[in-house]
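Below: the structure, in structure tokens.
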Amino acid sequence: MASGHSTYTPSNGLTRWLDARLPILRFANDNLLSFPTPKNLNYAYTFGAILFYCLVVQIVTGIVLAMHFVPNSALAFNSVEYIMRDVNYGWLLRYIHMNGASFFFIAVYVHIFRGLYYGSYKDPREVLWILGVLIFLVMMATAFLGYTLPWSQMSLWGANVITNLLGALLGTDFTQWLWGGYSVDNPTLQRFFSLHYLLPFVILGISVLHVWALHHVGNNNPTGIDPKGPQDTVPLMPYYTAKYYFVIALFTIAFAAVVFYAPNLFGHVDHYVEADPLKTPAHIAPEWYLGAFYAMLRAMDFNILFLDSKLLGVLTMLGAIAILFIVPWLDTSKVRSARYRPVYWWCFWIFVVNYAILSWAGLQPAGSVLLQTGVDADGAATGFNITHLSQIGTAYYFAFFIIIMPLLGLFETPRALPESIAKAVLAKKGGAAGAPAGAAAAPESRV
Amino acid sequence: MSAQQHDDATRRDFLYVFSGTAAAAGVAVTAWPFIDQMNPSAATQALATTEVDLAPIQPGQQITVMWQGKPTWVRRRTPEEVEQVRAIPNAKLKDPQADQERVQKAEWLVVIGICTHLGCIPNRDNVGQPGGYLCACHGSVYDASGRILSGPAPLNLPVPPYKFVSDTLISIG
């Protein structure tokens, strides 16, 4: 599927001269314009483009905010307020950057779930998937580092909780090295700022490898079967670029609606209180996009053998991310798309709902009782609480990967796969054979 | 000709081994400053000890001082509180340790007020344990000796190294 031969012909003397010296236009043409793409990609396949757009928005607004922000524990909080009140359009730039992170994660979750639904991680796309998980991991690190910069109560205490997580695994010497002191303080803020500026470019670098891997093996598609020839594909430009422009416009409208009408929708009030190392906020919550992992961390309130609850929680949380790396080998089914996997289809949608519930549970106070069954000696409610809910959710999260994925491949009977992408598309259109085939052929000749 | 080739190979091997060794040693000695610059600086280390005047603290009162950037509690316990804490059987404790081992003088409790779960600061209140502490983050309960009674925290609140300089002055660190 990777374009074996180039379709680029330089149109004038200048481009011919350049093509002989640096074939950059040829590269752009083959990868961005004439790149053959399955003709049946739906809107779920536009989120890669949306994610690239998000990364650019974050980098551009971030570079500008760094011109006004002061990474010093005595000045950081006030410099953020200065950006909000005094810098021309500072409020807009900060709200875009702040909510941009949330929208970035909305898009990345759709993108990842899309991959899980259509089996996009299977042979030959394992490396493509692994690079994607790596990007997700660096995104979470970047978002966490950025969260500490305003030096609010949430910044300080969030940083405390997360660095202590790593300390549980690697010891006090490690946390002191990470902090540059004996607690989260000014040296920590300064290095977190430096790394927060660095990591988006690491994401950009891995994204290039991610797209390279994609363009080497070609897109998966909703049927999960490989294109068998030119009748199954269309050039990226204009068929999918038009689709990209349209969804990016819709995405930006939703994004702008939040930035202008509900800029603190995803935020937390303690993010507007300056950091105080002597006072823990009553309730520490991560941003919504890390809620599921936080819920899994807190779900481990018991010891197993020599593992105490704290280490167990950390291992569970890190395991929840690490397990994504081996998904291509956990899924034993040869059929890629959930369209043709009736049992996996159900398991997948339960997984999505379960993930949403975990994300919600991670933002609630740990002990909140959901179904009261009684009261304890002090008169406080007891019963089914957030921790219990998180434990059930954590169990399903891991069962989906460790039990369901390997076993379904062995026991599930998939539906019959269509013969080809073109046949599947035509069947959907009611079998009108001649015209669509002709329509699909014509644009090829236009390139 | 073959001798010439052999000579070349030996000379090139030497160049490889020499430059490889120099590069490995160079990377190792250059990496260390880059790693060590992350560790606490001299200025940070200079603030490593804190002296606390005990005279103004009344029985039942507790003050918080900063030691190495960490909130450290100095609490003057009443005889009843001491008695109550020492009545808790070891079997009830997650991280068993006698109160006597945690204090130098029964009256004075000195502990770092950072929850051993994930680093929040517990509050002194009577919700979890009379006279004890409750961490609001994840619900860990400590007694008036800073020992963990229930909740996700695995260990007792740590006792920092300190010594009595006089009856009314301690030096922490």
Check: If we keep just the residues of region A:70-93 that are aromatic (Phe, Trp, Tyr) and under 20 Å from A:Val259 (Cα atoms), which is farthest from the chain's Cα centre (by Cα)?
Finding: A:Tyr82
Item checked: Failed criterion for B:Ala22 (all others in (1) aliphatic (A, V, I, L, M); (2) within 14 Å of chain A (Cβ to nearest Cβ); (3) farther than 30 Å from B:Val85 by Cα hold) -> (2)
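Scan region A:11-39 residue by residue and report those that are outside any helix (DSSP H, G or I) and not hydrophobic (A, V, I, L, M, F, W, C).
Those that are outside any helix (DSSP H, G or I) and not hydrophobic (A, V, I, L, M, F, W, C): A:Ser11, A:Asn12, A:Pro23, A:Ser34, A:Pro36, A:Thr37, A:Pro38, A:Lys39.
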Notebook entry, point to check: Tell me, which helices (runs of 4 or more DSSP H) wholly within region A:97-206 include 1 or more residues that are within 10 Å of chain B (Cβ to nearest Cβ) and free of Cβ contacts under 8 Å to residues at least 12 places away in the same chain?
Noted result: A:153-170, A:172-179
Check: Can you tell me which residue in region B:110-138 is modelled with the highest pLDDT, limited to those that are among the small types (Gly, Ala, Ser) and in contact with a helix residue (DSSP H, G or I) (Cβ under 9 Å, 6 or more places away or on another chain)?
Finding: B:Gly132
Next item on the list: Kindly provide the set of residues from region B:65-85 that are surrounded by 14 or more Cβ atoms within 10 Å (Cβ to Cβ) and of a type outside the set (A, V, I, L, M, F, W, C), ordered by number.
Entry: B:Gln68, B:Gly69, B:Lys70, B:Pro71, B:Thr72, B:Arg75, B:Arg76, B:Arg77, B:Thr78, B:Glu81, B:Gln84
Check: Residues B:Ile35, B:Ile63: which one is within 14 Å of another protein chain (Cβ to nearest Cβ), in a helix (DSSP H, G or I) and not charged (D, E, K, R)?
Finding: B:Ile35
Item checked: Boolean, A:Val184 is β-branched (Val, Ile, Thr), under 28 Å from A:Tyr95 (Cα atoms) and at pLDDT below 95 -> yes
Next item on the list: Go through region B:87-121 and give me each residue that's assigned to a loop (DSSP other than H, G, I, E, B), buried (at least 20 other Cβ atoms within 10 Å of the Cβ) and of a type outside the set (S, T, N, Q).
Entry: B:Val103, B:Gly113, B:Ile114, B:Cys115, B:His117, B:Leu118, B:Gly119, B:Cys120, B:Ile121
Checklist line | helices (runs of 4 or more DSSP H) within region A:368-447 that include 3 or more residues modelled with pLDDT of 65 or more, β-branched (Val, Ile, Thr) and under 30 Å from the mean Cα position of the chain (by Cα) | finding: A:386-399
Check: Can you pull out the strands (runs of 3 or more DSSP E) entirely within region B:122-173 that have at least 3 residues that are within 14 Å of chain A (Cβ to nearest Cβ)?
Finding: B:148-150
Next item on the list: Return the pairs, sorted by first residue and then second, in which the second residue is aliphatic (A, V, I, L, M) and not in a helix (DSSP H, G or I), the first residue lies in region A:77-92 and is assigned by TED's automatic domain parsing to the domain that holds A:Phe193 and more than 17 Å from A:His271 (Cα to Cα), the beta carbons are less than 6 Å apart, and the residues are 6+ apart or on different chains.
Entry: none
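From the list A:Ser368, A:Ser390, A:Ser359, pick out the single residue that is surrounded by fewer than 20 Cβ atoms within 10 Å (Cβ to Cβ), under 30 Å from A:Gly167 (Cα atoms) and among the hydroxyl-bearing types (Ser, Thr, Tyr).
Details: A:Ser390 fails: surrounded by fewer than 20 Cβ atoms within 10 Å (Cβ to Cβ); A:Ser359 fails: surrounded by fewer than 20 Cβ atoms within 10 Å (Cβ to Cβ).
It is A:Ser368.
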Checklist line | Residue identified as exposed (fewer than 13 other Cβ atoms within 10 Å of the Cβ) and either outside the structural domain of A:Phe104 (by TED's automatic domain parsing) or under 29 Å from A:Ala424 (Cβ atoms) (or both) among A:Leu22, A:Leu41 | finding: A:Leu22
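The values are calculated or read from the model by the stated rules, or taken from the named source; none is laboratory data. Everything numeric in this text was worked out from a predicted model, so none of it was measured. Cβ: placed from backbone, ideal geometry, glycine included. Neighbour counts: every protein chain shown.
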